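See structure below.
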Amino acid sequence: MKTTFKFIVMIFLTTLLAGCWDITEPQRMYYINAVGVDYVNDEYEVYLQIINFADVAKSIQPRSNTEPAEIGHAKGKTIEEAIYKLYRSSDQQIFWGHMRYIIFSERAMENERFIPVIDTFIRFRDTRYQIWMYCTKESVNDVLLVSPILKNSLSSSKLSNPINPTEQETFIEPKNLREIVIGLNEPNHEVTVPYVSIKKDWQTVDEKVEETYFSGVGILSKDGVKGFLKDEAARGNQWMHNYTNRGEITFKLRTDGNEELTVSINKLQVEKIPIVNKEDVYFDVELKLHATVQGFKGKVSEKELKKQIIQEVKKEIRETYTEGLKLDVDIFRLSEVLYRDNVKAWRKIEKEGKIPLQENSIRKISIDVQQINPGRKTFSEIIKVKRQGSPE
């Protein structure tokens, strides 16, 4: 009898437990993958990229009869006003928990306009801190409409997941919102944001295909965008942080000035050492790296390769540093290095979180090429090429 009574009471109590009555079914929601922000005529222009998650669940490659994404567009005096206008035109509830990246136009990054946008997504409870951030001078809408190679799902694009392609080449270090906020709040109060352009480097049987391309970096401060370093001007940045997995340098062999050689650089370790001399501060840069040589012809020695690698890496670092100074940018965050190492010296000379830098502020660059790997073969050429004057 007691057992029966306890069972009845237990059944009754379970009816009081909270259920899932207030949960929206997954198929009745739209999922945000990316947000684009522009600023035109004193208004924010917001672009929401909604992707079809049915394709993501079924296969990496979407079905041909299904649109991979749609872009919503609205304007507002604030970012929130524009988003609420898009809510009115949406057929289903919009879910923000899968948002992967946000891309700003140059206009949206000027004059502190980006700050309330970042603040909105950092504070919103449904979004995560691991939201990648990019900038562009292209049309934001056009960038969001670019499909990945082989028309794969947009959730696997390089903008949605930049970590994967940087395993092969780390020309640009990806940055998420958390890192952007930390960088702007710490000396030198400037951060690099990956710069995205559109190129047609790929093609199908019928046509050339547009694809997003990491061209360089935009430099962002609390006052807005300070400028852009693109292509060759940005190359030295990859050698000045330990995030780099692999990069490349190409140069002419001194033994034969007509032959170009590409060398892969990996296992990079860099240290920036501040040297304080009264009111002056200099920096010594020490790099350790490994190199891999694969395709070449002619005779080449390990000693010669080391010399050329050191010379080329130094050159790229100096050129990027100089281009940064032209924009009044501490591109290698040397101010933060001094701040972490010797805050007393930093306080004496800093101005608005930055220390004054000149061409000679990087006093010395020391590079230790610890190993050169010739690939599967030795440093002798695989296919012997007959040269002028050589016997048959």
Subject >> Selection from the stretch 329-375 of residues that are open to solvent by 50 Å² or more (accessible area, probe 1.4 Å), in contact (Cβ under 8 Å) with a residue 60 or more places away in the chain and out of contact with any strand residue (DSSP E or B) (no Cβ under 7 Å at 6 or more places or on another chain) >> reply: R333, Y339, K348, E350, E352, N360
**OP:** Find all pairs meeting these conditions: Cβ atoms under 6 angstrom apart; at least six residues apart or on different chains; first residue within the stretch 220-237 and modelled with pLDDT under 95; second residue of a type in the set (S, T, N, Q) and surrounded by fewer than 16 Cβ atoms within 10 Å (Cβ to Cβ).
**Re:** G224/N111
Subject >> Single residue of G218, G295 found to be in contact with a Cys (Cβ under 6 Å, 6 or more places away or on another chain) and small (G, A, S) >> reply: G218
Original post:
What are the residues in the stretch 229-266 that are of a type in the set (D, E, K, R) and touching a Leu at 6+ places or on another chain (Cβ under 6 Å), if any?
Top reply: E259
Subject >> Filter result (assigned to a strand (DSSP E or B), in contact with a helix residue (DSSP H, G or I) (Cβ under 6 Å, 6 or more places away or on another chain) and open to solvent by 10 Å² or more (accessible area, probe 1.4 Å)) within the stretch 218-250 >> reply: V225
Subject >> Options E190, E110: the member that is touching a residue at least 60 places away in the same chain (Cβ under 8 Å) and surrounded by fewer than 18 Cβ atoms within 10 Å (Cβ to Cβ) >> reply: E110
**OP:** Could you please find all residues in the stretch 198-212 being surrounded by 15 or more Cβ atoms within 10 Å (Cβ to Cβ) and not aliphatic (A, V, I, L, M)?
**Re:** E210, E211, T212
**OP:** Quick one: which residue in E138, E210 is part of a loop (DSSP other than H, G, I, E, B) and more than 12 Å from the chain's Cα centre (by Cα)?
**Re:** E138
**OP:** For the stretch 308-328, enumerate the residues that are over 22 Å from the mean Cα position of the chain (by Cα), closer than 20 Å to V270 by Cβ and open to solvent by 40 Å² or more (accessible area, probe 1.4 Å).
**Re:** I310, Q311, K314, K315
Original post:
Looking at K252, K278, K230, K272, which one is in contact with a Phe, Trp or Tyr (Cβ under 9 Å, 6 or more places away or on another chain) and assigned by the TED database to the domain that holds E316?
Top reply: K272
**OP:** Could you please find all residues in the stretch 339-392 being small (G, A, S) and either modelled with pLDDT of 95 or more or not in a loop (DSSP other than H, G, I, E, B) (or both)?
**Re:** A345, S361, S366
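The values are calculated or read from the model by the stated rules, or taken from the named source; none is laboratory data. Since this is a predicted model, take the numbers as computed values, not measurements. Methodologically, a virtual Cβ is constructed for each residue, glycine included, from the backbone with ideal geometry; neighbour enumeration extends over all protein chains shown. Keep in mind that these areas ignore ligands, DNA and RNA; they rest on the heavy atoms of the full protein, side chains included. Shrake-Rupley method; radii C 1.70, N 1.55, O 1.52, S 1.80 Å.
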